[in-house]
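For reference, the structure is listed below as structure tokens.
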Amino acid sequence: MEGVKSMQLIKGDASERKFFRKRNNKISKIIIHSSINKRKNLLNYDSVNKILLKNKIRAPKLISENYKKNLIEIEDLGDKTLFKIFQKCKNDRKIELYKKVIDELIKLQKIKTKKIKNFKNKNYKIPNYSYDILKGEVNLFFDWYLKYKSKKDWNATNSKKIRMLIYKLLKSLKLKNKVFVHRDFHISNLILYKEHIYLIDNQDAVFGNPAYDLCSLVDDVRYETSNSLKNKLINYYQCKKKINFSKKDFMNDFEIHSIIRNLKIIGIFTRLSIRDKKHEYLKLIPHAWKLLKNRLKNKNKFDKLRILLNQL
């Protein structure tokens, strides 16, 4: 594997990774470089990809690795994310692709494989999306947004009230954590390559709630959609998936996960700005608030939380 200096740097994401494109004899490959959190970003990433590929879900294949030098080389799927395609395509094509994505999601949720050998020949096991992990994620909202961005007169008592209300919501989730969850299942992480959907950014996969990935797709902080389209996508999923739980329970969990996910995102984007100097993510925070308020409205169970959040 060549050194990264010979590669063309390409636009990355919010993580610590760097991506390079290498072209040789019209064959293109992607180099991922990660010296921080490299186990997650390289080893775990490829392990999850292997699990996806084993279950006939399309994901980047590993070509070679040089873990000592913090590198892996994977196939190049191009840069036609659905996010880019949606900027130009008509609504009919958009809905067609959304349905195709939801069909993939239903296949994804059938995965039972939890363990696989990584390229170091060690076992990797996908973790469960536990209450403690969810709680830790939503705490990012308090640790970063409330600490650095909220009103100066906002007091610790109100922060504690919000925290307790959110923890209570987490305990009111109805469905069992038993399906494969990508955890960042949105159109920026879905590539259309040779008319097939490929999943990228797969390293954070867990086994969790069946509503989580759908809410990532439907309430996408990076891409604004109408409530009409959101409802069409939810209905399509519920009609296509043979579910053994009530739609009421599913929507309860969908709403809760959307709320806590967007609180987490607001915290993460604030942290990216303050800690990592990646200020471009701040422009997405108003849409995250809009998504939050959309799920909080007209719901008696969210009244107290809505009132407190509206005071921020």
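The values are calculated or read from the model by the stated rules, or taken from the named source; none is laboratory data. The structure presented is a predicted model; accordingly, all values stated were derived computationally and were not measured. Virtual Cβ from ideal backbone geometry, glycine too; neighbours counted across all protein chains shown.
Observations on the model:
- Within segment 270-284, if we keep just the residues that are part of a helix (DSSP H, G or I) and in contact (Cβ under 8 Å) with a residue 24 or more places away in the chain, the residue that is farthest from K230 (Cα to Cα) turns out to be I274.
- I126 meets the stated requirement of being over 30 Å from T225 (Cα atoms), within 18 Å of the chain's Cα centre (by Cα) and either among the β-branched types (V, I, T) or in the same structural domain as D253 (by TED's automatic domain parsing) (or both).
- Strands (runs of 3 or more DSSP E) contained in segment 84-181 and holding at least 1 residues out of contact with any His (no Cβ under 9 Å at 6 or more places or on another chain) and among the charged types (D, E, K, R): 115-117, 123-125
- For segment 60-83, filtered to residues that are outside any loop (DSSP other than H, G, I, E, B) and touching a Ser or Thr at 6+ places or on another chain (Cβ under 6 Å), the residue that is nearest to R39 (Cα to Cα) is E73.
- Of all residues in segment 114-131, those satisfying the criterion of being surrounded by 13 or more Cβ atoms within 10 Å (Cβ to Cβ) and closer than 14 Å to K54 by Cβ are K114, I116, N118, Y124, I126.
- The residues of segment 250-282 that are farther than 30 Å from L175 by Cα and touching a helix residue (DSSP H, G or I) at 6+ places or on another chain (Cβ under 9 Å), listed by number, are T270, R271, L272, S273, I274, R275, K278, H279, E280, Y281, L282.
- Selection from segment 211-231 of residues that are part of a helix (DSSP H, G or I) and not charged (D, E, K, R): Y212, L214, C215, S216, L217, V218, N227, S228, L229, N231
- Among residues that are of a type in the set (D, E, K, R) and assigned by TED's automatic domain parsing to the domain that holds K232, K56 is not included.
The rows are residues; the columns are (1) under 14 Å from D76 (Cα atoms); (2) part of a helix (DSSP H, G or I); (3) without any contact (Cβ under 8 Å) to a residue 40 or more places away in the chain.
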| site | (1), (2), (3) |
| --- | --- |
| E16 | no, no, yes |
| R21 | yes, no, no |
| S28 | yes, no, no |
| I31 | yes, no, no |
| R39 | no, yes, yes |
| L42 | no, yes, yes |
| Y45 | no, yes, no |
| I51 | no, yes, no |
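- Hits in segment 150-180 (condition: closer than 30 Å to S47 by Cβ and touching a residue at least 60 places away in the same chain (Cβ under 8 Å)): L170, L173, L175, V179, F180
- The numbered conditions (1) under 10 Å from the mean Cα position of the chain (by Cα); (2) without any contact (Cβ under 8 Å) to a residue 60 or more places away in the chain; (3) surrounded by 24 or more Cβ atoms within 10 Å (Cβ to Cβ) are all true for A211 except (1).
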